[in-house]
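Below is one structure, written out as structure tokens; the observations come after it.
What follows is calculated from the coordinates using simple rules that are stated; it is not laboratory data. Because the structure is a prediction, the values reported are computed rather than measured. Don't worry about glycine lacking a Cβ; one is built from the backbone with ideal geometry, like all the others, and counts go over all protein chains shown.
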Amino acid sequence: MTPLVYEELRRLARHFLAAEREDHTLQPTALVHEAYLRLIGQHSVDWRNRAHFLAMAATMMRRILINHAQAHNAAKRAGSADVISLEDAFGVFTDPRVDLLDLNATLDRLTGMDPQQGRVVELRYFGGLSIEETAEVLGISPATVKREWSTARLWLIQQMSGGPVQ
């Protein structure tokens, strides 16, 4: 299975790291290897399909990047937070530059209020999964994914911009 998914994992890693600061110390290969090591360390996981595996990998990569950003900020003590580009096909935010740690905290708040919407955002944005793949992973209909995605995007835009969505 490893050769079949390795390129998909590298694609995900390149997607994540393309949006990171220029002096980021993680390389796509290192991110893939770290995520893979964490994935194989999971016990009792029933890998249902490719989309499920990629969803888990996206979650792992998100956690690795958040941990890396927190460590970087802690090392700088008073330094500015990491800023990532969110210019993607989903057009989640109107401002193309968003603080990764702020995004993570906002996504955690969303997940606390509505776990399904939080998971949809994580799979769609961080995992790069399609509407259909997200529906398959979550066991819900594509129409529900579209509805949850739209609602979650509006909420995230409002929270990240600090005001009501126009």
| request: Within 10 Å of each residue's Cβ, count the other Cβ atoms and sort D46, D108, D114 from fewest upward. | output: D46, D108, D114
| request: Sort M160, M61, M113 so that the residue with the fewest other Cβ atoms within 10 Å of its own Cβ comes first and the one with the most comes last. | output: M113, M160, M61
| Order of L26, L103 - criterion: other Cβ atoms within 10 Å of each residue's Cβ, fewest first | L26, L103
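Between L26 and R147, what is the FRET efficiency for a Förster distance of 41 Å, r being their Cβ-Cβ separation, to the nearest 0.05?
Details: r = 35 Å, r/R0 = 0.85.
The pair L26/R147 has a calculated efficiency of 0.75.
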